[in-house]
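J.: Before anything else, here's the structure in question.
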Amino acid sequence: MFIDLVKIYVKAGRGGDGSTSFRREKYVPAGGPDGGDGGDGGSIILKGDSSLHTLMDYRYHSIYKAESGENGRGRKQFGKRGQDLILPVPLGTLVKDPETQGVIADICEAGAEYVLAKGGLGGKGNVHYKSSIRQAPRFAQPGQNGEEKTVYLELKMIADVGLVGYPNVGKSTLLSIMSNAKPKIANYHFTTLSPNLGVVQVEEGKSFVIADIPGLIEGASEGVGLGLEFLRHIERTRLIAHVLDISESEGRNPIEDYHRINAELEQYHLKMKNKPQVLVANKTDLNVSDELLKDVEELAKTLNVPLFRVSGVTREGIQSLIYGLWNTLESVEKDYSTYDEDYVPIIEELPEFVVTKEDGYFSIQGPFAENLLYKTNFEDYESRIYFQNMLYKKGIVAQLESLGIKQGDTVLFADYEMEFSPEEEE
Ligand SMILES: Nc1nc2c(ncn2[C@@H]2O[C@H](COP(=O)(O)OP(=O)(O)OP(=O)(O)O)[C@@H](O)[C@H]2O)c(=O)[nH]1
Ligand SMILES: [Mg+2]
């Protein structure tokens, strides 16, 4: 089944907690801290897969969670990292923010990877928090939560040529004889209910991708017929092959058809106007009025687009159509971008840190504090000095002093309780 729009919820794995553990050895009375680090949580990664052409799998299964990291253990044992969860998606899959509809990522190449939700970092074990002041830290860092989010996955097919035209004009027939695709063909409207892709081999080393875009009729942009459903798949096509039934086998005038379909395309998006087109007059094996043929030639001239006369039954003109499309494509930029707007994240201006005194307790909170704590290895002299210098540099010490801190007071730095005893500045 062809599914091109789904909503999924993803949650990356949580980082394992760092371990609080102390060495226990016979005859060693007070062993030092030896709690190892927690493993990082697994991430959720989208990966472009050229063998997929639908998002169907995500329709019935919409919640994805990656494995958490294992907690650290004593004897400096690190927890195992959680496994990444790889979600294969068809080429042309956009990741969108459900609120803004902005594009967060666009996966167009086979093997291309996008980290949709990053696994949480594992916490550091207390083995890192050994210092001269704090010989036996009863502290280990907890693991961080994995990212979680809800996004839309929207497939906008990537094709070089898009076949458009009224129902029954022979789009699927042309796709089937030009490419490797095996679409259903029948003499009724809306035989094709979803877009089909095929690869056209022009000659050795030269090929292009062609798509049959079904369901376009007057009013499509307002939902008539298959409606807007498939218009999104024309966005990325570099060239439109507009198929006309030149035999008027259903009593409609192909020139009027042409204008109606173009109006729908423009209604969908004004940029459609800029897409290069070629005209394909199909069913030339049937009775064709000379007058109509002249009018269609005139139309092609006015529009300054190539016109190909073909028959899907006798296959007359098919080879020149294939070469004609190839040649036209050579002059069209290889641009597969869509008409979507890019995602503009709203960045909240949060302070880097906040220094407070509440009920006599001093506290420093915020991303800066968490980061600095995470980076610091209290076992290491240099690292400790760096930590302290940053407290001076950022004005944290000054702020604490203005709040009345004294040597020996307890300070909660992120989630690490420490004693205020600044060493002499180097
Ligand atoms: N005589 C003749 N019949 C054709 C030609 N091309 C297609 N047909 C017939 O026209 C009918 C419709 O062909 P399709 O290829 O299914 O048309 P379509 O444009 O894909 O139609 P939808 O999927 O309904 O939009 C079928 O009965 C085909 O056999 C042609 O060149 N000559
Ligand atoms: Mg069809």
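Residue-wise test of (1) more than 19 Å from residue 189 (Cβ to Cβ); (2) more than 16 Å from ligand 2 (Cβ to nearest atom); (3) surrounded by fewer than 18 Cβ atoms within 10 Å (Cβ to Cβ).
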| position | (1), (2), (3) |
| --- | --- |
| 242 | no, no, no |
| 255 | yes, yes, yes |
| 276 | yes, yes, yes |
| 281 | yes, yes, no |
| 290 | yes, yes, yes |
| 296 | yes, yes, no |
| 318 | yes, yes, yes |
| 339 | yes, yes, yes |
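J.: While we're here: Quick check on residue 123: is it open to solvent by less than 70 Å² (accessible area, probe 1.4 Å), out of contact with any strand residue (DSSP E or B) (no Cβ under 8 Å at 6 or more places or on another chain) and either more than 16 Å from ligand 1 (Cβ to nearest atom) or without any contact (Cβ under 8 Å) to a residue 12 or more places away in the chain (or both)?
T.: Values: open to solvent by less than 70 Å² (accessible area, probe 1.4 Å): yes; out of contact with any strand residue (DSSP E or B) (no Cβ under 8 Å at 6 or more places or on another chain): yes; either more than 16 Å from ligand 1 (Cβ to nearest atom) or without any contact (Cβ under 8 Å) to a residue 12 or more places away in the chain (or both): yes.
Yes; evaluated as a whole, the condition is true for this residue.
J.: Take the range 345-357 and flag every residue that is open to solvent by 30 Å² or more (accessible area, probe 1.4 Å) and either closer than 16 Å to residue 418 by Cα or in a loop (DSSP other than H, G, I, E, B) (or both).
T.: Once the filter is applied, which keeps residues that are open to solvent by 30 Å² or more (accessible area, probe 1.4 Å) and either closer than 16 Å to residue 418 by Cα or in a loop (DSSP other than H, G, I, E, B) (or both), the range 345-357 yields 345, 346, 347, 348, 349, 350, 351, 352, 353, 356, 357.
J.: Which members of the range 177-187 meet the condition of being touching a residue at least 12 places away in the same chain (Cβ under 8 Å) and within 10 Å of ligand 2 (Cβ to nearest atom)?
T.: 183, 184, 185
J.: Here is a further query. Looking at (1) modelled with pLDDT of 95 or more; (2) surrounded by fewer than 23 Cβ atoms within 10 Å (Cβ to Cβ); (3) of a type outside the set (Gly, Ala, Ser), can you tell me which one residue 101 breaks?
T.: Against the list (1) modelled with pLDDT of 95 or more; (2) surrounded by fewer than 23 Cβ atoms within 10 Å (Cβ to Cβ); (3) of a type outside the set (Gly, Ala, Ser), residue 101 comes up short only on (1).
J.: In this structure, is residue 150 away from ligand 1 (no atom under 12 Å from the Cβ) and either in contact with a His (Cβ under 7 Å, 6 or more places away or on another chain) or not charged (D, E, K, R) (or both)?
T.: Yes.
J.: Moving on. Give me the pairs: first residue in the range 84-98 and buried (at least 18 other Cβ atoms within 10 Å of the Cβ), second residue of a type in the set (Asp, Glu), beta-carbon distance under 6 Å, and six or more apart or on different chains, which are they?
T.: Pairs found: 94/106; 94/154; 96/154.
J.: Further question: Give me the residue from the range 261-274 that is touching a residue at least 60 places away in the same chain (Cβ under 8 Å) and not in a loop (DSSP other than H, G, I, E, B) and, out of that set, nearest to ligand 2 (Cβ to nearest atom).
T.: 261
J.: Let me ask you something else. List pairs: first in the range 305-319 and on the phi > 0 side of the Ramachandran plot, second part of a loop (DSSP other than H, G, I, E, B) and among the aliphatic types (A, V, I, L, M), Cβ under 6 Å, 6+ apart or cross-chain?
T.: From residues that are on the phi > 0 side of the Ramachandran plot, the pairs are 317/310.
J.: Hey, among the residues in the range 200-211 that are on the phi < 0 side of the Ramachandran plot and open to solvent by 60 Å² or more (accessible area, probe 1.4 Å), which one's farthest from ligand 1 (Cβ to nearest atom)?
T.: Per the stated criteria, the residue is 204.
The values are calculated or read from the model by the stated rules, or taken from the named source; none is laboratory data. Here the structure is a predicted model, which is why all the values come from computation and not from measurement. Note: ideal-geometry Cβ built from the backbone for every residue, glycine included; neighbour counts use all protein chains shown. Accessible surface is based on the protein model in full, side chains and every heavy atom, while ligands, DNA and RNA are left aside. Shrake-Rupley method; radii C 1.70, N 1.55, O 1.52, S 1.80 Å.
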